[in-house]
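I have placed the structure first, in the form of structure tokens, so that the comments after it can refer back to it.
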Number of protein chains: 2
Amino acid sequence: MTQPTSPSAPATAQDGPLPRQRRSYSIGELAKMFEVTTRTIRFYEQEGLLAPERRGQTRVYDEKDRVRLKLTLRGKRLGFSLAEIREVVMMYDAMPDGNRRQLRRLLEILADKRANLERQQEDIRLMQLEIDDVERRARDVLASLADQPD
Amino acid sequence: MTQPTSPSAPATAQDGPLPRQRRSYSIGELAKMFEVTTRTIRFYEQEGLLAPERRGQTRVYDEKDRVRLKLTLRGKRLGFSLAEIREVVMMYDAMPDGNRRQLRRLLEILADKRANLERQQEDIRLMQLEIDDVERRARDVLASLADQPD
DNA sequence: GCCGAGGTTTACGTTAACGTAAAGTGCTTG
DNA sequence: CAAGCACTTTACGTTAACGTAAACCTCGGC
């Protein structure tokens, strides 16, 4: 997308050392690959997180779409909403021709996310300590139960 | 909670170096303290995450409740569902008189959570790298825009 | 020619996690 | 004693993120 992506580009043999893995995927392939349903993928498109090409009526996903989906799902695992994820993803794409105001806005958002992530790291550390503690107690109780029934 | 917590303990002056901060909180205090609404706190109770005492009709929260709420909110920030959180919190409380099967189940759950947290750590690292990258590009573009209009 | 596998749109259903509003209770303060 | 404030219950509303179902194309293979 950084290149105009002329759709009529014939992709001759001298396009480069390796034409950037110009593979394409069907919706079903992606679904299996990431263990989500096709409904989910279509939903993400509807929410503006994906924008695959169409061959006729059928969606055709390329490498870039696959990466986007991957990032989206990663964001989800971290508890981000689709809106939050879109915020970054879309701005990232709008970057090359973005004006200064947009770019500054993007930087703000990024700083925000970064702070969020750091907080999550701390939360994870704390929760790990909690879990360690609970586990230790559980093992203690279990050991003291060396012969009770059940 | 590890102690039987005799409710009729008169809390005389010689209860120890500091009687475990036997403070109590109203729902409103907790709400402000954690920046959530009272609705949220009541909802968590309804979902089995909290179980405050009652003075008449009014809820009275103690230190233990406060900690529970804190843990719950921490879990939420990490994207866990209330059901997942309850899973751990409840089993933790059921521990002292739990039988072996329950304890083993708890250990399973804990291992699960732990794996989950580790995955999240990895996700965070990856996303931080992404953000670094996006930010770098954004700054580059911004720099190259040293004089264009808005 | 038909059929099954995979794709499509449209649309209504569902769940979690609260928000919001209404109507009542209890205290303490001017 | 009225007003206000904090608390209570009950109940309906809302949003995000899909699930599920129906009805339709379309294409390669037998």
Notebook entry, point to check: Does segment B:62-69 include one or more residues that are farther than 26 Å from residue A:137 by Cα, open to solvent by less than 50 Å² (accessible area, probe 1.4 Å), out of contact with any strand residue (DSSP E or B) (no Cβ under 6 Å at 6 or more places or on another chain) and not charged (D, E, K, R)?
Noted result: no
Apart from one, (1) outside any helix (DSSP H, G or I); (2) under 30 Å from residue B:99 (Cβ atoms) all hold for residue A:137; the odd one out is (1)
Residue B:79 fails exactly one of (1) at the interface with another protein chain (Cβ under 7 Å from one of its Cβ atoms); (2) open to solvent by 60 Å² or more (accessible area, probe 1.4 Å); (3) small (Gly, Ala, Ser), namely (2)
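On the basis of being more than 16 Å from DNA strand C (Cβ to nearest atom), at pLDDT 95 or above and touching a helix residue (DSSP H, G or I) at 6+ places or on another chain (Cβ under 7 Å), does residue A:120 make the cut? I'd like the intermediate steps shown before the answer.
On the way: more than 16 Å from DNA strand C (Cβ to nearest atom): yes; at pLDDT 95 or above: yes; touching a helix residue (DSSP H, G or I) at 6+ places or on another chain (Cβ under 7 Å): yes.
Taking the combined requirement at face value, the residue satisfies it.
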Residue match in segment A:5-21 (condition: under 29 Å from residue B:128 (Cβ atoms) and at pLDDT 95 or above):
no
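With the structure loaded, tell me whether residue A:100 is at pLDDT below 95 and open to solvent by 80 Å² or more (accessible area, probe 1.4 Å) or whether it fails that test. Step through it out loud before you land on a result.
Details: at pLDDT below 95: yes; open to solvent by 80 Å² or more (accessible area, probe 1.4 Å): no.
Against the criterion (at pLDDT below 95 and open to solvent by 80 Å² or more (accessible area, probe 1.4 Å)), residue A:100 does not qualify.
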Residue hits (segment B:20-51; open to solvent by less than 50 Å² (accessible area, probe 1.4 Å) and of a type in the set (A, V, I, L, M, F, W, C)) are B:27, B:30, B:31, B:34, B:36, B:41, B:49, B:50
Just one listed residue, out of A:90, A:127, is open to solvent by 60 Å² or more (accessible area, probe 1.4 Å) and in a helix (DSSP H, G or I), and it is A:90
Restricting attention to segment B:51-108, the residues that are touching a residue at least 40 places away in the same chain (Cβ under 8 Å) and among the β-branched types (Val, Ile, Thr) number exactly 1
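The values are calculated or read from the model by the stated rules, or taken from the named source; none is laboratory data. If you're wondering where the values come from, they're calculated on a predicted model, not measured in any experiment. Backbone-built Cβ (ideal geometry, glycine too); neighbour counts: all protein chains shown. What goes into the accessible areas is simple: the full protein's heavy atoms, side chains included, and nothing from ligands, DNA or RNA. Shrake-Rupley method; radii C 1.70, N 1.55, O 1.52, S 1.80 Å.
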